[in-house]
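Take a look at the structure set out below.
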């Protein structure tokens, strides 16, 4: 497959769908997502908005990812671990490398790594309250 630059909303949607198709069938990650997400097409649009904002500066994402992840953690009886974030990152990196090349790929990896660390810390912070 020819790799291309990650440069527009269509590319980001391709990335999001390709990535989450892997997540859905992952034995460790899939249960968290499949038990929470009822409409995958809608979720793909939400995540495309999020990554389009992160990578291309669009202003279409208006949600709070911290609260969303804290709710999933609570619903799963606080079973999300740092290892789950590592698995998520490994799949994210692999999907990026499989489909795209260039500077925006590096930015997508860097942002995901920083966000995963922050979200992991916010999950445990919320558990204390």
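The values are calculated or read from the model by the stated rules, or taken from the named source; none is laboratory data. All figures in this text were calculated on a predicted structure; none of them were measured in a lab. Positions of Cβ are backbone-derived with ideal geometry, glycine not excepted, and every protein chain shown enters the neighbour counts.
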Self-check item: Any chance residue 94 is more than 12 Å from the chain's Cα centre (by Cα) and either in contact (Cβ under 8 Å) with a residue 24 or more places away in the chain or closer than 20 Å to residue 33 by Cα (or both)
Solution: yes
Quiz item: Does any residue of the range 44-58 turn out to be farther than 26 Å from residue 127 by Cα, free of Cβ contacts under 8 Å to residues at least 12 places away in the same chain, out of contact with any helix residue (DSSP H, G or I) (no Cβ under 9 Å at 6 or more places or on another chain) and surrounded by fewer than 17 Cβ atoms within 10 Å (Cβ to Cβ)?
Solution: yes
Quiz item: Quick check: anything in the range 102-119 more than 16 Å from residue 28 (Cβ to Cβ), in contact with a strand residue (DSSP E or B) (Cβ under 7 Å, 6 or more places away or on another chain) and in contact (Cβ under 8 Å) with a residue 40 or more places away in the chain?
Solution: yes
Exercise. Scan the range 14-31 and give yes if some residue there is in contact with a helix residue (DSSP H, G or I) (Cβ under 8 Å, 6 or more places away or on another chain), under 22 Å from residue 81 (Cα atoms), modelled with pLDDT under 95 and outside any loop (DSSP other than H, G, I, E, B), otherwise no.
Key: no
Quiz item: So residue 101 clears everything in (1) exposed (fewer than 13 other Cβ atoms within 10 Å of the Cβ); (2) under 16 Å from residue 13 (Cα atoms) except one condition, right? Which one?
Solution: (1)
Quiz item: Of (1) modelled with pLDDT of 95 or more; (2) at positive phi, residue 78 satisfies all except one. Which?
Solution: (1)
Practice problem: Give the number of residues within the range 32-47 that are part of a helix (DSSP H, G or I) and farther than 20 Å from residue 79 by Cβ. | Solution: 8
